[in-house]
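Bear in mind these aren't lab numbers, they're just calculated from the coordinates by the rules spelled out. Just so we're clear, the structure is a prediction, and the values are computed from it rather than from any experiment. All Cβ positions, even for glycine, are placed from backbone atoms using ideal geometry, and neighbour counts span all protein chains on display.
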Amino acid sequence: MSEKSKKKRGRKRKDHDQACPNQNCDIYRIVNHEDVIRNGHQKNGEQEYKCNQCEARYNRRKGTPLGGLRTPIYVIVMAMAMYMCGVGVGMIAAVTVKQSIPHT
């Protein structure tokens, strides 16, 4: 078997459309760079990413208006949809609090 025909072992790297959000990093805002890797999941179920250049850890919400929230994304979308349909804020709060409590 020649060198060119050898296949790499292991999983094929998947593109994840993520870039390092650290402004001091050499690969800041370079999408799909090989040093930005998936790094497990956070407690709320969000995929976590890690930059191997600057060691920054983040999720895809970083740098967005939803960046600091720990609420699952489906609860946020549901609350926004209810609001757009004219449901009152009190009712939205009552429904979404039940949805965001983790099941044990």
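Couple of notes before you dig in:
- Region 19-104: radius of gyration over Cα atoms, expressed as a fraction of 2.2 N^0.38 Å: 1.37
- Going from the residue with the fewest nearby Cβ atoms within 10 Å to the one with the most, Val89, Val75 rank Val89, Val75.
- Label-to-label distance for Tyr83 and His41 is 2.6 nm, based on points extended 7 Å past Cα in the beta-carbon direction.
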